[in-house]
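Read through the structure below, which is laid out as structure tokens, and then see the notes.
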Amino acid sequence: LIILRYVFEHMLNPHAEFSSLKELLKPEGALFVEVPGILNPQWWKPDPYFYFDVFHAYCYCLNHLDCLMRTNGFRLLQGDEHVFSLWRLGPEDKNVQWQNPALVKRIIGHLTAMERARKLNAIRVGIVGMPGKSLSYVRRH
């Protein structure tokens with residue numbers, strides 16, 4: 001078992017890491033990957049800016065992680081939007097459909113709702129979260 005907890009989102013070129021993972025993983029072995037899921041509201045509290053920091057090269061939902069993993073020869077055994085996921089070696093699928101308009105719409109809706117909640121919370125507690133901006137600026141935007 002190889003465990004990657006809060007590692008994948010920091011990799012600048014995750015595709016390049018798969019050859020090393022495949023060498024280390026035994027044929028009957030499993031790979032556990034945990035990343036902060038973009039659709040998991042837990043990661044947005046108290047402020048979504050903590051999620052989007054310079055240290056996260058990528059943001060994942062389970063679908064996007066699945067596309068990345070299948071392209072590189074792993075198959076999903078189990079996963080959720082937290083993102084907790086368990087993988088085994090499988091065939092590489094170079095025909096993965098990365099574009100999913102319904103998922104993009106869902107993610108944009110989620111981000112919009114989280115930003116709205118962040119602004120309302122900033123107004124409620126008097127913390128703007130934007131240096132140099134007044135509360136009147138936040139209320140107008």
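The values are calculated or read from the model by the stated rules, or taken from the named source; none is laboratory data. Computed from a predicted model, the values in this text were never measured in an experiment. A quick note on method: Cβ atoms are made from the backbone with ideal geometry, for glycine too, and the neighbour counts reach across all protein chains shown. Only protein heavy atoms, including side chains, enter the accessible area calculation; ligands, DNA and RNA are left aside. Shrake-Rupley method; radii C 1.70, N 1.55, O 1.52, S 1.80 Å.
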Practice problem: Keeping the other protein chains in place, figure out the carbon and sulfur percent of the accessible area of segment 1-89, with a 1.4 Å probe. | Solution: 59 percent
Self-check item: Simple Cβ-charge dipole of segment 34-103, Lys/Arg +1 and Asp/Glu -1, about Cα centre, in debye nearest 20
Solution: 200 debye
Quiz prompt | Most to least packed among 100-112, 71-83 [average Cβ atoms within 10 Å] | solution = 71-83, 100-112
Self-check item: Kirkwood Rh in Å, taken over segment 1-119 so that all alpha-carbon pairs contribute
Solution: 15.1 Å
Practice problem: Return a whole-number percent for the relative contact order of segment 1-120, with Cα pairs under 8 Å and 6 or more residues apart as the contact set. | Solution: 27 percent
Quiz item: Normalized C-alpha radius of gyration of segment 7-47, against 2.2 N^0.38 Å?
Solution: 1.54
